[in-house]
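Below is the structure I would like to discuss, written out as structure tokens.
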Amino acid sequence: MTIQWNDLIVRDARALTASEIRDLLKVAERPEITSFAGGVPDPSLFPLGDFNDVYRDLMDDDVAGRRSLQYSISEGLPALRQWIVDDLASSGAVRGIDNILITCGAQQGLDMLARLLLEPGREIVVEKPTYLGAMQAFSMRRPTYVGVNMDADGPVVADLDAAFAAGARIAYLAPDFQNPTGRSYSLERRLAVLEVARQHGAVILEDAAYSKLSYDGEVIPSLLALDETHGDQNAGTVIQLGTFSKTLAPALRIGWVCAPRPAIERLVLMKQAGDLHVSTINQEVALRAARRLFPAHIDTLRDAYRSKRDTMLAALDEFMPDGVTYTRPEGGMFIWLTLPENIDSRALLELALAEAKVAFVPGQAFFCDHSGCHTARLSFATEKPERIRAGIERLAALIRRVHNQY
Ligand SMILES: Cc1ncc(COP(=O)(O)O)c(C=O)c1O
């Protein structure tokens with residue numbers, strides 16, 4: 001008898017859907033395509049020599065080397081958690097190591113928080129647009145999405161207030177250099193967001209994946225830093241997700257959740273049940289690499305990405321026709337394009353791949369309500385400056401032509 005997979009697979013797993021544009025974007029990997037579609041760091045910036053030294057030093061050390069190949073505790077290595085606590089403290093967020101759980105990337109943090117806090121029908125507030133990977137993690141729990149509109153300073157406070165007043169108690173927000181728009185919240189908006197959440201007893205999941213990649217001016221304190229807990233490890237409105245993926249290397253798969261202890265205690269039990277712990281050797285290597293390389297390596301990354309961002313913005317300023325607008329991010333990896341309303345960005349992608357040899361991600365996938373069909377995400381992270389400029393010039397020419405056709 002044939003297996004009836006559709007009957008066998010539970011509804012939660014059936015809620016996962018493959019992205020329709022994934023096949024289209026496979027073409028983006030061809031060398032003739034200039035790809036602004038990726039969401040990954042520039043591999044030429046990975047510090048290979050330093051990793052070589054870190055791995056060799058570790059294996060030359062009989063005690064540390066053997067320990068790094070052994071099982072370890074579910075919370076994560078204490079020394080790594082302490083490093084994270086110290087790093088958080090340096091940016092104004094005072095927490096203890098019992099507030100930290102090491103996860104397999106921030107993505108596992110999102111998945112675990114979804115399993116901790118969501119269930120079918122429960123509301124979760126998300127930005128419009130938001131990080132697609134977060135919605136993929138949340139959707140497995142079949143929540144009800146409540147999208148909040150964004151302005152130049154962050155989420156519209158009245159929208160957030162209305163969402164909480166209607167019963168939502170969880171919001172997923174990315175205040176720094178958001179994926180996909182590159183936008184950041186102002187300090188005033190951060191304070192207002194925290195205040196509204198507190199008034200309603202809501203929890204904020206703060207995604208800080210890009211927060212170290214700031215290119216201009218002053219760094220604004222995170223929601224976690226603004227959420228003063230007065231040393232009480234059980235208190236707090238904010239759960240923050242962090243990662244080494246954008247600052248060291250994503251393949252390490254080292255991220256963390258910083259949360260009040262009642263949440264961490266549950267998450268540790270889930271971690272035990274799920275995969276015991278994150279790879280010991282990867283945690284050890286991440287710790288040694290962070291101690292050795294930071295902050296100088298972060299400055300190197302900032303200089304490299306700032307220059308790519310400037311190249312892309314200059315090309316957009318020079319070539320994009322009237323009617324196309326875009327964000328001017330102060331950090332991160334993304335610029336968000338808003339096209340004239342008569343241009344559908346999915347249809348544009350097909351033409352862009354075939355004719356302009358340029359790839360980007362159509363914006364619709366980032367909206368919980370599937371709006372935004374005339375928006376697009378551009379990443380400046382991986383291409384070389386000459387290719388960024390030439391690619392934007394070709395994309396702009398295509399947009400001008402398509403716009404004039406209607
Ligand atoms: C906003 C955001 N959060 C989380 C992640 C997940 O990162 P990782 O699991 O590699 O730490 C990403 C990856 O691109 C991201 O863009």
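The values are calculated or read from the model by the stated rules, or taken from the named source; none is laboratory data. Nothing here was measured: the structure is a model prediction, and the numbers come from that model. Every residue, glycine as well, gets a Cβ built from its backbone with ideal geometry; the counts of neighbours run over all protein chains shown. Areas reflect the complete protein model, heavy atoms only, side chains present, ligands, DNA and RNA absent. Shrake-Rupley method; radii C 1.70, N 1.55, O 1.52, S 1.80 Å.
Hey, which of the helices (runs of 4 or more DSSP H) in the stretch 109-210, taking only ones fully inside, have at least 1 residues that are within 16 Å of the ligand (Cβ to nearest atom) and either at pLDDT 95 or above or of a type in the set (Gly, Ala, Ser) (or both)?
132-139
Pairs, please: C-beta under 8 Å, at least 6 apart or cross-chain, first residue in the same structural domain as residue 101 (by TED's automatic domain parsing) and in the stretch 63-85, second surrounded by fewer than 19 Cβ atoms within 10 Å (Cβ to Cβ) and not in a helix (DSSP H, G or I)?
71/276; 74/276; 85/96
Filter the stretch 246-287 down to the residues that are in a loop (DSSP other than H, G, I, E, B), within 11 Å of residue 104 (Cα to Cα) and touching a strand residue (DSSP E or B) at 6+ places or on another chain (Cβ under 7 Å), then identify the one that is nearest to the ligand (Cβ to nearest atom).
Here the answer is 253.
Go through the stretch 313-359 residue by residue and tally those that are part of a loop (DSSP other than H, G, I, E, B) and open to solvent by 60 Å² or more (accessible area, probe 1.4 Å).
Within the stretch 313-359, residues that are part of a loop (DSSP other than H, G, I, E, B) and open to solvent by 60 Å² or more (accessible area, probe 1.4 Å) number 7.
Restricting to the stretch 360-390, and then to whatever is in contact with a Lys or Arg (Cβ under 8 Å, 6 or more places away or on another chain) and small (Gly, Ala, Ser), can you tell me which residue is surrounded by the fewest Cβ atoms within 10 Å (Cβ to Cβ)?
So the residue we want is 371.
Still on this structure: Out of all the residues in the stretch 64-77, which are open to solvent by less than 70 Å² (accessible area, probe 1.4 Å) and not hydroxyl-bearing (Ser, Thr, Tyr)? Give the steps one after another, and end with the answer.
We begin by selecting, within the stretch 64-77, every residue open to solvent by less than 70 Å² (accessible area, probe 1.4 Å); these are 64-65, 68, 72, 74-77.
Once the filter is applied, which keeps residues that are open to solvent by less than 70 Å² (accessible area, probe 1.4 Å) and not hydroxyl-bearing (Ser, Thr, Tyr), the stretch 64-77 yields 64, 65, 75, 76, 77.
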